[in-house]
Amino acid sequence: MSSSYLPATTESLDQAQEAKMPSEAISILYRILENPSSSSEALRIKEKAISNLSDLLREENRAEELRSLLTQLRPFFSLIPKAKTAKIVRGIIDAVAKIPGTSDLQISLCKEMVQWTRVEKRTFLRQRVEARLASLLMESKEYSEALALLSSLIKEVRRLDDKLLLVDIELLESKLHFSLRNLPKAKASLTAARTAANAIYVPPDQQGTIDLQSGILHAEEKDYKTAYSYFYEAFEAFNALEEPRAIYSLKYMLLCKIMVSQADDVAGILSSAKVGLQYQGPEVDAMKAVAHAHAQRSLKLFETALRDFKAQLEEDPIVHRHLSSLYDTLLEQNLCRLIEPFSRVEIAHIAELIELPVDHVEKKLSQMILDKKFAGTLDQGAGCLIIFDDPKADAIYPATLETISNIGKVVDSLYVRSAKIMA
């Protein structure tokens with residue numbers, strides 16, 4: 001960085017844009033910022049220079065320089081309105097977020113900015129940076145720290161009645177509780193977010209996020225039809241905005257269809273004019289493969305899909321959770337169908353028929369016996385499964401109990417009458 005500053009004029013900005021090398025443009029922009037002038041025109045040019053500089057540093061993946069830029073600009077922030085300061089700070093934090101592998105840097109940067117905003121008493125900016133910090137902590141699985149930060153922030157924002165920020169924070173808290181597997185609290189936070197959202201205008205992307213979270217929570221409760229309608233609303237919102245999250249909404253829509261045994265509808269949804277060729281890729285291909293396996297009731301195809309699309313299925317916690325239960329259901333149905341004709345059968349033979357490892361089949365059969373899915377026992381010495389006939393319920397025992405109960409009522413009635421006569 002050169003020690004001689006440049007005049008804060010549009011000519012200097014044009015000079016930076018015309019620079020052949022990014023490093024040269026960055027140097028020119030730094031020199032514009034070093035200009036001590038504080039006239040309204042100079043401040044406006046410097047704001048533009050900051051915006052251009054943060055874009056260039058992001059493109060060059062210079063995250064540490066973006067961090068030091070925020071520290072360097074603190075004297076400048078005292079010269080401009082607080083709203084513009086908030087815009088610049090959030091813009092630079094967003095620029096750092098677009099550089100891959102900077103999660104730890106983002107967390108430390110947000111913590112630094114929270115401390116600075118407390119000293120400068122910039123409440124509006126601090127609350128938004130704290131919300132961003134909580135989101136980053138949740139992504140880093142620092143759940144307890146994120147929850148503590150959100151709890152105090154929610155109380156403060158409710159007092160100020162900042163509805164738009166409250167929607168963001170309540171929604172974030174819902175996601176956090178869902179990550180901690182606390183479904184009742186996740187639903188309560190989502191309801192609070194919806195209540196706050198109903199009182200104000202909510203941007204379409206935020207409304208889409210609310211619908212997406214609603215769908216996830218309904219799917220967790222196995223209410224897949226309601227979940228599908230929420231995912232569809234989220235898809236509509238994200239698709240109109242051309243947001244990347246539209247593909248995930250579509251993916252969860254297809255998952256809901258598969259979970260309610262309507263796998264045949266998947267092809268119809270994907271061939272519609274709205275989806276068409278716009279949403280093609282591994283995410284959609286993964287759900288197609290699962291739908292095909294489910295339609296064929298083939299465990300082998302199901303396992304092939306899980307193996308071929310591991311990143312899209314197993315590494316997505318929402319999809320993985322539901323597909324695990326779907327796999328178990330398919331496995332149980334297949335096993336029950338295979339053992340039905342037998343009274344005694346080798347476990348190896350069942351494993352061969354179902355095309356799965358023997359130890360895996362044996363473990364599942366023992367689990368099904370314990371869950372009383374069928375009556376039987378495993379003879380591990382002989383490596384056989386012995387299936388018992390379903391024991392027929394003897395009607396004499398319930399009938400006897402009912403008779404005794406009725407006799408008891410008669411005796412009680414006679415006792416009450418005799419007590420009245422004796423009186």
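The values are calculated or read from the model by the stated rules, or taken from the named source; none is laboratory data. For clarity, every value in this text was computed on a predicted model and none was experimentally measured. Ideal geometry is used to build each Cβ from the backbone, glycine not excepted, and the neighbour counts take in all protein chains shown. Heavy atoms of the whole protein, side chains included, go into the accessibility calculation; ligands, DNA and RNA do not. Shrake-Rupley method; radii C 1.70, N 1.55, O 1.52, S 1.80 Å.
Structure notes:
- Separation of the residue 155 and residue 59 label points, Cα + 7 Å toward Cβ, nm: 4.7
- Look at the dipole of segment 34-74 built from charges on Cβ: of 73, 63, 53, the Cα furthest out on the positive end belongs to 73.
- D_trans [Stokes-Einstein, Kirkwood Rh over alpha-carbon pairs] for segment 8-89, 20 °C, 1.002 mPa s, µm² s⁻¹: 167
- Anchor residue 420: lysines whose Cα lies under 21 Å away (excluding residues fewer than 8 positions away in-chain): 409
- Excluding exposed DSSP-loop chymotrypsin sites (Phe, Trp or Tyr not before Pro) (at most 16 other C-beta within 10 Å), longest clean stretch of the chain: 6-200
- Here residue 104 and residue 39 are evaluated by their C-beta separation; at R0 = 35 Å the FRET efficiency comes out at 0.35.
- Kirkwood Rh and Cα Rg combined as Rg over Rh, evaluated for segment 35-135: 0.95
- Using a cut-off of 18 Å between Cα atoms, the listed pairs 225/257; 111/175; 141/175; 48/84; 251/274 include 111/175 as exceeding that distance.
- P(r) tail fraction, segment 341-423 - alpha-carbon pairs more than 20 Å apart, %: 57
- In this simple spin-label model, placing a label point 7 Å from the Cα along the Cα-to-Cβ direction at both residue 348 and residue 183 gives a separation of 4.3 nm.
- The magnitude of the dipole of the chain, with charges of +1 and -1 set on the Cβ of Lys/Arg and Asp/Glu and taken from the Cα centre, is near 1640 debye.
- The fraction of accessible area contributed by carbon and sulfur in the chain is 53 percent, rounded to a whole number (1.4 Å probe; ligands and nucleic acids excluded).
- Segment residue 395-residue 142, extension gain: residue separation times 0.36 nm, minus the distance between their alpha carbons: 85.3 nm
- Relative to the current alpha-carbon distance between residue 308 and residue 278, full extension at 0.36 nm per residue lengthens the span by 8.6 nm.
- Charge dipole (the chain, unit charges on Cβ, about Cα centre) - positive-most of 224, 339, 204: 204
- Considering only alpha-carbon pairs that sit under 8 angstrom and 6 or more positions apart, the relative contact order computed for segment 215-267 is 32 percent.
- Kirkwood-based Rg to Rh ratio, the chain, C-alpha trace: 1.18
- Potential lengthening of the chain between residue 380 and residue 72 amounts to 103.6 nm, from the contour at 0.36 nm per residue minus the alpha-carbon distance.
- Segment 1-100: relative contact order in percent, alpha carbon pairs under 8 Å with at least 6 residues between: 25
- Residue 87-residue 370 pseudo-label distance in nm [points 7 Å out on the Cα-to-Cβ vector]: 6.2
- Over the chain, dividing the summed -39,500 (n - 2.57) contributions of all DSSP H runs of at least 4 residues by the number of residues returns a 222 nm mean residue ellipticity of -24000 deg cm²/dmol.
- If you run the Gaussian network model on the chain, springs between alpha carbon atoms under 10 Å, then out of 46, 372, 163 the most flexible one is 372.
- Size descriptors for segment 60-193 (Cα atoms only): Rg and Dmax, in that order, 15.3, 47 Å.
- Backbone N atoms of segment 396-411 closer than 14 Å to the 7 Å Cα→Cβ label point of residue 417 belong to residues 409-411.
- For residue 55, neighbours were defined as the other residues whose beta-carbon sits under 12 Å from its Cβ, and their charges (Lys and Arg +1, Asp and Glu -1) total +1.
- Our summary gives the chain a relative contact order of 5 percent, counting only alpha carbon pairs under 8 angstrom and 6 or more residues apart.
- In this structure the chain gives 55 Å² per residue of accessible area when probed at 1.4 Å with all protein chains present.
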